[in-house]
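Here the structure is laid out as structure tokens; the discussion comes afterwards.
We did not get these values from a lab; they are worked out from the coordinates using the rules stated. Predicted model, so just to flag it, every value in this text is computed and none were measured. So basically every Cβ, Gly included, is an ideal-geometry build from the backbone, and we count neighbours across all protein chains shown.
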There are 2 protein chains.
Amino acid sequence: MPDVDVRGFWGERIDAVADRTAMILYDRCVAAGMFDQIDPARPVPPVKMPWHMRADGTPDTVNVQMFWDSDVAKVIETAAYALYRKPNADLEAKMDAIIEMFAGLQQPDGYMNSWFVRMQPGHRWTNLRDCHELYCAGHLMEAAVAYFHATGKRKLLDVMCRYADHIDETFGPKPGQKPGYCGHEEIELALIRLGRATGEQRYLDLARYFIEQRGQQPHYFDVEAAARGVDPAQWRHKTYTYNQSHLPVREQGKVVGHAVRAMYLYSGMADVATEFGDDSLTDALNRLWEDLTSKQMYVTGGIGPAASNEGFTDYYDLPNESAYAETCAAVALMMWASRMLGRGPDRRYADIMEQALYNGALSGLSIDGSRFFYDNPLESRGCHHRWSWHRCPCCPPNIARTVTAIGSYMYGISADGIAVHLYGASTARLSAGATAVTLRQETDYPADGRVDVTIGLDRPARFTLSLRMPGWCGQAAVTLNGEAVPMVENGDGYLHLAREWKDGDTIALDLPMPVRALHAHPAVKADLGRVAIARGPLIYCAEEVDNAADLNALIVPEDLSAAKTVPVPDLGGAVAIDLPVRREQWPQREGRLYDDHPPEYATMTARLIPYHLWDNREPGEMLVWIRGGR
Amino acid sequence: MPDVDVRGFWGERIDAVADRTAMILYDRCVAAGMFDQIDPARPVPPVKMPWHMRADGTPDTVNVQMFWDSDVAKVIETAAYALYRKPNADLEAKMDAIIEMFAGLQQPDGYMNSWFVRMQPGHRWTNLRDCHELYCAGHLMEAAVAYFHATGKRKLLDVMCRYADHIDETFGPKPGQKPGYCGHEEIELALIRLGRATGEQRYLDLARYFIEQRGQQPHYFDVEAAARGVDPAQWRHKTYTYNQSHLPVREQGKVVGHAVRAMYLYSGMADVATEFGDDSLTDALNRLWEDLTSKQMYVTGGIGPAASNEGFTDYYDLPNESAYAETCAAVALMMWASRMLGRGPDRRYADIMEQALYNGALSGLSIDGSRFFYDNPLESRGCHHRWSWHRCPCCPPNIARTVTAIGSYMYGISADGIAVHLYGASTARLSAGATAVTLRQETDYPADGRVDVTIGLDRPARFTLSLRMPGWCGQAAVTLNGEAVPMVENGDGYLHLAREWKDGDTIALDLPMPVRALHAHPAVKADLGRVAIARGPLIYCAEEVDNAADLNALIVPEDLSAAKTVPVPDLGGAVAIDLPVRREQWPQREGRLYDDHPPEYATMTARLIPYHLWDNREPGEMLVWIRGGR
């Protein structure tokens, strides 16, 4: 993990998570009873536990969940980044106690999963398809690496390495090993991370094995179900597209199934492609990338329109009001995009990473870090609101760990250079090969497109600094030590400055941020005749609190030159857009359902705010795709 | 049934049914195996019978259906009107043979239902909620009356009067009688019709009893289920709104549940209100009418947007592509509207009757009378087509009997007058009180708004002739014997000419038929920013065969003055509308999902055809609500 001191926009967000969200996540895991399941010192709980009161006053129950280890793991990972940001003895003690629980769970052979150790002993590795067993292991590996880096404490890392060794012995092509893989991908990218952190090649090889094995025939989930005495066809998800095991990964070209699973798989594939220099995987990844981003992605970077499979449906099926677009899925898209940058800078990936980050992912966390969205629709009639907890609590720690780890998404480093993928006020201590470089960004980004970069070096050094020229900004202007730099396009959307750098060199970027109207592909029926307003990396929306109800009566003009940008104090100074629009009115209707009279139009100034900030004030309607007029 | 000789538009439709549809309906009843269930001379069939071949060549089966009596009844009713139109010895012999089957089914006590006599004996009257038992009786009563009027043959009428007597003994408030009513309304309006045809007051009283009893507590369907040893809550439709038994009828104000059931109930209520002069029922009916027509009706007069309950959902929930809008439901709305005219002319009802008739109902029948729509969406991407038969074959005979009986919807008669509700080339022999009047309409309606009415009388007579001035025509012009008649509005939308009429008096109506753009209430999200083009009573649509694919790229201008009307030979000379429109184009997209470039616009002439005629030519896309531009 790169050493980045983040200030400004993201600094405030990280502080909110460190000061508030991390402990909220812990408290809510306690309230959900997760540690009753995990802690081997406690009695084994019943499968159904009391939970909260229903609106009618009767008690509701919650099932102990076989994937709770993963939720706790993401809380540990979040806490790790929070502790890296600022010390918190109470939080650290709580995490240490949880780590003791997991250590106590570990079996003599290294196995460690609270569900199969305590709730359903004797059934380990019998249902990889449904039971999230390797998925839980993967999240705990990620937590272990993060906690070690943040605190220097090895305990969880050692536990997870022993578990990884056990998994490596259990799975593989040799006699007596299981040729299986997890129904919910995650272990693949986690093993890469663990392998990179520990230098253990076996972990990288095992990640590759899981990737290669997926979708091979005879199908492991069929064989496994038969071994349980169960008909594989009697499965509620019905098709292996649900978990992307319908085909070997190199033969996949359409993004299908559960959105988070798909993104985690592709993230793992991209990591393996990077580690092993595997171009055949990269070919499949590029097909899938094109498929997702040209036919199946919301303008917010949200993905997976359907609640039924928490995932993908048909091409261009992107309904706004019923959009599922799970926070975790946007986070996972960001993860995939980040990993597609593993083999070098390319704006195709970095632009989408930024789009998902600032819109469909960040929307999952309230400004103060205390409330969450699970699904992120692009339109609301006023009944969709942030909640304080969820029965399936995957999203809150996922967005929290992502926000606090934002520094790890900002830069790409290689033997001969540094790439700046994301802009934001920060100071990073990086290495271009053997050269230690301090890279300081001063900027109000994303409120403003001016970015001043200062290079810190102990001695002059030759390396390439690659600066992303975002696709949304049209023509950027860049100066180096006050001199204009010509924009040379090499097709990857980055400006590559290869030279001998000196301490104190400065680069100034001016990324124009006009107010833009985005038009969806005409096959997206939900967006026909509508526009999404954008500025810089931010997608905007209208909220009832600013514009009164009935947002579908607003009509945005084709000419946006009258738009004004305004800071909004009660949204942390975020930049709103004030835009003259027409409002459709029907004074002569008298309740008639169908009528000859055309509408009349009033003019008004609509206020649009960044999408990720919606539902932080008075609840009400929200709309991203606003009707456009000519 | 009034004696009306229909020519012109409806004459051609009636001939298609008489010449083709009536025998098609019979043949398909044979093919479906209905007479294996009904004919007591045949062996009792299995519940699952072979049906047709699937696309993959394997045989499919169909369940014998407990409501097949009703489908056959509607075929008899259609045949009756066809025989009234023109003799057909073969068709009549086939109907006589079916009537013999029903007569043979009748039990010594008068009971007669093929399912409970042959398939499930011993279970009669045990599940009124689900088993369509009284519903089947109702349709057979309607068939009996029609067949008697058309042929003079009493056999089915006598059978059904005996059955009605048995039902009258079985149901009622007296000890030993069942206080029940049918889950699928129909018996109510049928008993009124049978009572009017036979003069038997008991049938009218029984219709009123069923109406009054509906929704009373203790709920009959609860009691009945308990008597069967079944939990009433274990019912797939879950709520009694499904069959409008959630409340006593006078307390109902929201149109809910299964659309056909609702319309048949309200039809029966309107008949009872008329027969018994019951204003308290009329109050409820007016509330329900307002509710339906101001918040829950498609512009085609189609109703019931949802397939799940074949019925109503929320206010203004009128999706176009997924519209269920069953043909039977539009027919039933027409029936209700017609019965709302029972207490005198009122354009509120007659306009909607015409709207449902010419659009959402007539769309159910192909021009040649051989193919049918069950559901009538207002938009198709090209995969919705007319079929030759259906497992639930309620719609084909329903639209067929309605078309052939169109003469019975055209006029209202009372002791002192005649009201013309629908215009169409025809000659009617009517009675205004004791005065026999021949009323001849010469017109190309609905292609043209000129209607010439000639009065035929043996001797001069005083009565009121009431002529509907359709709500869609703005300002009509009327002359009487060549002299302009001043338009006097009395609030009911009819021009009332009260005078002494002489043989040969002529009235000429000029009903302007400009091309109009209809705008939906802004709460109808599916129609936002869109217009439906109408002319006279007809709603128009665009088809792919005339306009190429991608109909959602068409944008209709606000000013329709350039629209031209053109007769289309391959649609029987129907009037098309040729309209200059813009077509949205995206030349710079290059497959991008979201893009800064606004669309470009080409101009073209779109051809629109009457909605009811769609899918009579090459299959393809169809669209009613076309995007509107300013």
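Here's the picture: charge each Lys and Arg Cβ at +1 and each Asp and Glu Cβ at -1 in chain A, and of A:Gly277, A:Leu623, A:Ala484 the one pushed furthest to the positive end of that dipole is A:Gly277.
Length gained on full extension, B:Asp444 to B:Lys153, computed as 0.36 nm times the residue gap minus the Cα-Cα distance: 101.2 nm. The Stokes-Einstein estimate for the stretch B:515-628, based on a Kirkwood radius over Cα pairs and taken at 4 °C with 1.567 mPa s viscosity, is a diffusion coefficient of 87 µm²/s.
Here the calculated FRET efficiency for A:Cys383 and A:Gln120, from their Cβ-Cβ distance with R0 = 45 Å, stands at 0.75, rounded to the nearest 0.05. Once the Cβ-Cβ distance of A:Lys174 and A:Asp27 is raised to the sixth power relative to R0 = 41 Å, the FRET efficiency obtained is 0.35. Note on the stretch B:3-411: dipole from Cβ charges, positive end direction compared against B:Gly199, B:Leu140, B:Gly342; the farthest Cα belongs to B:Leu140. Based on the Stokes-Einstein relation at 20 °C and a viscosity of 1.002 mPa s, and on the Kirkwood radius from alpha carbon pairs, the protein assembly as shown is assigned a translational diffusion coefficient of 61 µm²/s.
Computed from backbone phi with θ = phi - 60° and the Karplus coefficients 6.51, -1.76 and 1.60, the 3J(HN,Hα) list for the stretch B:483-497 is 9, 4, 9, x, 7, 9, 8, 10, x, 9, x, 10, 8, 9, 10 Hz; x is used for glycine and proline.
Please check chain A for the longest run free of GluC sites (Glu not before Pro) that are loop-located per DSSP (anything but H, G, I, E, B) and have at most 12 other Cβ atoms within 10 Å. Answer - A:1-488.
Basic side chains Lys and Arg get +1 at the Cβ, acidic Asp and Glu get -1 at the Cβ, and with that the dipole of the stretch A:433-545 about its Cα centre reaches some 280 debye.
For the stretch B:89-205, the calculated P(r), taken from all Cα-Cα distances in 10 Å bins from zero up to the bin holding the longest distance, is 14, 46, 33, 7, 1 percent. Each Cα pair under 8 Å and six or more residues apart adds its sequence gap; the mean of these over the residue count of chain A is a relative contact order of 11 percent. Spacing of the modelled spin labels on B:Asp5 and A:Phe276, each 7 Å from Cα toward Cβ, amounts to 8.8 nm. Between the amide H of A:Gln244 and those of A:His258, distances stay under 5 Å, these residues lying 5 or more places away or on another chain, with hydrogens modeled in the peptide plane.
Cα-based radius of gyration for the stretch A:415-510, normalised by 2.2 N^0.38 Å, reads 1.01.
Simple spin-label estimate for B:Glu558 and A:Ala103 gives 7.5 nm between the two label positions (7 Å along the Cα-to-Cβ direction from each Cα).
For the stretch B:3-411, a crude dipole built from +1 on the beta carbon of Lys and Arg and -1 on the beta carbon of Asp and Glu, taken about the Cα centre, is about 360 debye to the nearest 20.
A simple charge model with +1 on the Cβ of Lys and Arg, -1 on the Cβ of Asp and Glu and nothing else charged puts the dipole of the stretch A:355-467 at about 280 debye relative to its Cα centre. Summary of the geometry: the stretch A:23-42 and the stretch B:549-620, compared by the centres of their Cα atoms, lie 61 Å apart. Pull up the DSSP beta bridges for the protein assembly as shown and report the antiparallel fraction as a percent, rounded to 5. Expressed as a percentage, antiparallel bridges in the protein assembly as shown total about 90. A cut-off of 5 Å between modelled amide H atoms, ignoring neighbours fewer than 5 places along the same chain, links A:Gly628 with A:Arg530, A:Val531, A:Val556. Of the cross-linked pairs A:Lys525/B:Lys254; B:Lys254/B:Lys525; B:Lys86/B:Lys155; B:Lys74/B:Lys174, which ones have a Cα-Cα span greater than 23 Å in the structure shown? As for pairs spanning more than 23 Å Cα to Cα, those are A:Lys525/B:Lys254; B:Lys74/B:Lys174.
Using the empirical formula 2.2 N^0.38 Å as the baseline, the Cα radius of gyration of the stretch B:86-149 reaches a ratio of 1.28. Based on alpha carbons, the Rg and Dmax found for the stretch B:126-261 are 15.5, 48 Å. Over the C-alpha atoms of the stretch B:271-338, the Rg to Rh ratio, Rh being the Kirkwood estimate, stands at 1.03.
Give the residues of the stretch B:273-308 whose amide nitrogen is closer than 15 Å to a point set 7 Å from the Cα of B:Asp205 in the direction of its Cβ. B:276, by backbone N distance to the label point. Let me know the shape class of chain A, please: from the alpha-carbon gyration tensor, a ≥ b ≥ c as square roots of the eigenvalues, rounded when a/c is under 1.5, otherwise prolate if a/b is greater than b/c, or oblate. Note, shape of chain A comes out oblate.
The 3J(HN,Hα) values that the Karplus relation (6.51, -1.76, 1.60; θ = phi - 60°) gives for the stretch A:450-460 are, in residue order, 7, 10, 9, 10, 10, 9, x, 9, 6, 8, x Hz. Gly and Pro appear as x. At q = 0.26, 0.27, 0.28, 0.31 Å⁻¹ the log10 of I(q)/I(0) for the stretch B:380-419 amounts to -0.92, -0.94, -0.95, -1.00, computed by Debye summation with a single uniform scatterer per C-alpha, solvent ignored.
Explain nothing, just the number: relative contact order of the stretch A:515-628, from Cα pairs under 8 Å at least 6 residues apart, as a whole percent. About 36 percent, as a whole number. Projecting the Cα atoms of A:Ser322, A:Ser431, A:Gly122 onto the charge dipole of the protein assembly as shown (Cβ charges, centred on the Cα centre) puts A:Gly122 farthest toward the positive pole.
With the simple model of a label 7 Å out from the Cα in the direction of the Cβ, A:Asp368 to B:Ala602 spans 5.6 nm.
Take the Cβ atoms of B:Arg459 and A:Ala549, set R0 to 56 Å, and the FRET efficiency comes out at 0.25.
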